[in-house]
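Student: The structure's right below; bear with me while I get my questions together.
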Amino acid sequence: MKTIRITIIVLLLLTPMAKLSGQTADEHARPTGITISLGPSANYFHGLYEDGIEKWDSGRLNFQLNGFIGYTSAHSRGRNIVGVFGTGGYTNEETFQEMLAVQEISTDELKINKYFTFYQAEAGMILGNILRLSTGFGRQDFETVNGSDKLYYFSSTAGLLIGLGSFSWNIDANLQYGRDFSNTSMRFSTGLMVRF
């Protein structure tokens with residue numbers, strides 16, 4: 001009797017997933033073409049790639065705008081998209097000071113209470129309409145008492161996109177390394193993107 005109840009509960013739980021799976025198959029049947037997405041995200045500067053997550057520090061929380069333009073290829077086993085990802089956001093002073101410490105970079109005195117912008121451009125793909133893999137380059141702008149300056153780095157991202165109709169919820173892990181950065185650092189982000 002207990003086994004029958006468990007079987008019924010499992011079937012009831014799997015029914016919505018089967019419906020979602022059917023919707024996904026219908027989406028895969030759509031024709032190929034250009035895909036454009038745009039949306040805001042919150043990001044959290046983790047620090048060194050190899051560091052563990054010890055505690056939450058709200059001072060490392062910042063915001064960004066994500067964009068994507070790509071070409072959709074429909075296949076019987078899934079939908080793959082190849083394209084270009086763009087990110088523009090800001091880094092608050094506390095996060096930027098932490099970034100300088102992680103990269104062992106010294107600068108002139110920073111302008112107080114400033115938000116420093118960053119930009120990233122990456123080429124890559126979305127596999128099966130869910131897994132993002134991309135790599136490219138980034139630039140962190142900042143201002144000191146003596147003027148503006150920039151740090152350049154390479155940028156790679158792995159993430160998940162969870163479809164919610166015309167929206168998708170993205171969860172990304174971004175690595176920044178090389179060029180002006182002597183160590184690999186990580187930034188996590190999550191947000192919604194609207195598909196046009």
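The values are calculated or read from the model by the stated rules, or taken from the named source; none is laboratory data. This one's a predicted model, so the numbers in the text were calculated from it and none came from an experiment. Here the Cβ is made from the backbone with ideal geometry for all residues, glycine too, and neighbour counts use every protein chain on show.
Student: For region 73-80, indicate whether the set of residues that are among the hydrophobic types (A, V, I, L, M, F, W, C), within 18 Å of Ile171 (Cα to Cα) and modelled with pLDDT under 95 is non-empty. Break it down stepwise before answering.
Tutor: Taking region 73-80 and keeping what is among the hydrophobic types (A, V, I, L, M, F, W, C), we get 74.
With within 18 Å of Ile171 (Cα to Cα) added as a condition, the list becomes none.
No; the residues of region 73-80 include none that is among the hydrophobic types (A, V, I, L, M, F, W, C), within 18 Å of Ile171 (Cα to Cα) and modelled with pLDDT under 95.
Student: If I go through region 157-196 residue by residue, how many of them are of a type in the set (D, E, K, R) and part of a strand (DSSP E or B)? If you could, list the steps in order and put the result at the bottom.
Tutor: Applying the first criterion (of a type in the set (D, E, K, R)) to region 157-196 yields 172, 179-180, 187, 195.
Cutting the leftovers down to part of a strand (DSSP E or B) gives us 172, 187, 195.
Selection size over region 157-196: 3.
Student: When you go through (1) in contact with a His (Cβ under 8 Å, 6 or more places away or on another chain); (2) among the polar types (S, T, N, Q); (3) at pLDDT 95 or above one by one for Asn129, which number turns out not to apply?
Tutor: Going through (1) in contact with a His (Cβ under 8 Å, 6 or more places away or on another chain); (2) among the polar types (S, T, N, Q); (3) at pLDDT 95 or above one by one, Asn129 breaks only (3).
Student: For residues that are of a type in the set (S, T, N, Q) and in a loop (DSSP other than H, G, I, E, B), scanning just region 72-121, find the one that is farthest from Gln140 (Cα to Cα). Working first, answer last.
Tutor: Keep residues of region 72-121 that are of a type in the set (S, T, N, Q), which gives 72-73, 76, 80, 87, 91-92, 95, 97, 103, 106-107, 113, 117, 120.
Then drop every residue that is not in a loop (DSSP other than H, G, I, E, B), which leaves 76, 106-107, 113.
Details: Ser76: 41, Ser106: 15, Thr107: 13, Asn113: 17 Å.
The selected residue is Ser76.
Student: Turning to a different aspect of this structure: Out of the residues in region 144-182 meeting the condition of being among the polar types (S, T, N, Q) and surrounded by 15 or more Cβ atoms within 10 Å (Cβ to Cβ), tell me which one is nearest to Asp108 (Cα to Cα). Don't jump to the end; show me each part of the working.
Tutor: Looking only at region 144-182, we keep the residues that are among the polar types (S, T, N, Q), and these are 144, 146, 148, 155-157, 166, 168, 170, 174, 176, 182.
With surrounded by 15 or more Cβ atoms within 10 Å (Cβ to Cβ) added as a condition, the list becomes 155-157, 168, 170, 174, 176.
Numbers: Ser155: 25, Ser156: 29, Thr157: 30, Ser168: 41, Asn170: 36, Asn174: 27, Gln176: 22 Å.
Looking at residues that are among the polar types (S, T, N, Q) and surrounded by 15 or more Cβ atoms within 10 Å (Cβ to Cβ), I get Gln176.
Yes/no per residue for (1) among the polar types (S, T, N, Q); (2) without any contact (Cβ under 8 Å) to a residue 60 or more places away in the chain:
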| site | (1), (2) |
| --- | --- |
| Val84 | no, yes |
| Glu94 | no, yes |
| Leu100 | no, yes |
| Gln103 | yes, no |
| Asp108 | no, yes |
| Gly124 | no, yes |
| Ser134 | yes, yes |
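Residue-by-condition table, conditions (1) among the basic types (Lys, Arg); (2) more than 16 Å from the chain's Cα centre (by Cα); (3) not assigned by TED's automatic domain parsing to the domain that holds Asn174:
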site	(1), (2), (3)
Asn66	no, no, no
Ile69	no, no, no
Ser73	no, yes, no
Arg79	yes, yes, no
Gly86	no, no, no
Leu100	no, yes, no
Ala121	no, no, no
Gly136	no, no, no
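Student: Still on this structure, please answer the following. Criterion first (at pLDDT 95 or above, under 16 Å from Gly39 (Cα atoms) and not acidic (Asp, Glu)) does Gly138 satisfy it?
Tutor: Values: at pLDDT 95 or above: yes; under 16 Å from Gly39 (Cα atoms): no; not acidic (Asp, Glu): yes.
So Gly138 does not fit the description; no.
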